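Visitor: One structure, pasted below without further comment.
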Amino acid sequence: MPESACAHITAVTTITTPKQHQCEECVKIGGRWVHLRTCQTCGMTLCCDNSPNRHATKHAHSTSHPVIASAEPGERWLYCYPDDAFAEY
Ligand SMILES: [Zn+2]
Ligand SMILES: [Zn+2]
Ligand SMILES: [Zn+2]
């Protein structure tokens, strides 16, 4: 991990990848998503802030799970909500 990353990101030693390429909350409500993110604390895959329901951000705020990884193929980065920190891996 880059030295500039915060403690939450540097604590992620193994990247959790999506179990299924779909937003777990949008599937329940018939919602649509733009991009997918995977929570690095519990492994839930949820939709990004460009999606109507912004489930990844809602999840981070409601659970205090700090770090998400992009679940998009070819994207290799992590984001920490409390520190607004971004790191590629
Ligand atoms: Zn952090
Ligand atoms: Zn969603
Ligand atoms: Zn989580």
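Visitor: Among 40-48, 60-68, how do they line up by average Cβ neighbours within 10 Å per residue, starting with the highest?
Guide: Highest to lowest by the protection proxy: 40-48, 60-68.
Visitor: Let me ask something additional. Can you tell me the Rg and Dmax of the chain, counting just the alpha carbons, in angstroms?
Guide: Using the Cα atoms of the chain, the pair Rg, Dmax is 12.2, 40 Å.
Visitor: Near the amide H of ALA85, under 5 Å away, which other amide H atoms are found, from residues 5 or more places off or on another chain, if H is placed in the peptide plane?
Guide: Close amide H contacts, sequence-distant or interchain: CYS80.
Visitor: Once fully extended, how much extra length lies between GLN20 and LYS58, figured as 0.36 nm per residue of separation less the alpha-carbon to alpha-carbon distance?
Guide: The span from GLN20 to LYS58 would gain 11.7 nm if fully extended.
Visitor: Right, next: Once phi is turned into ³J(HN,Hα) by the Karplus curve 6.51 cos²θ - 1.76 cosθ + 1.60 with θ = phi - 60°, what whole-Hz value does each residue of region 39-54 show in order, with x for glycine and proline?
Guide: Values, residue by residue: 5, 8, 8, 10, x, 6, 9, 9, 8, 7, 6, 7, 8, x, 9, 6 Hz.
Visitor: Right, another one. What are the trypsin sites (Lys or Arg not before Pro) within the chain that DSSP puts in a loop, where the Cβ has at most 13 other Cβ atoms within 10 Å?
Guide: LYS19, ARG32, ARG76
Visitor: A further question on this structure: Could you tell me which GluC sites (Glu not before Pro) in region 1-32 are loop residues by DSSP with no more than 16 other beta carbons within 10 angstrom of their beta carbon?
Guide: Answer in residue order: GLU3.
Each reported figure results from applying straightforward, stated rules to the coordinates on display, with no laboratory input. Because the structure is a prediction, the values reported are computed rather than measured. Glycine also receives a Cβ, built like all others from the backbone with ideal geometry; neighbour counts cover every protein chain displayed.
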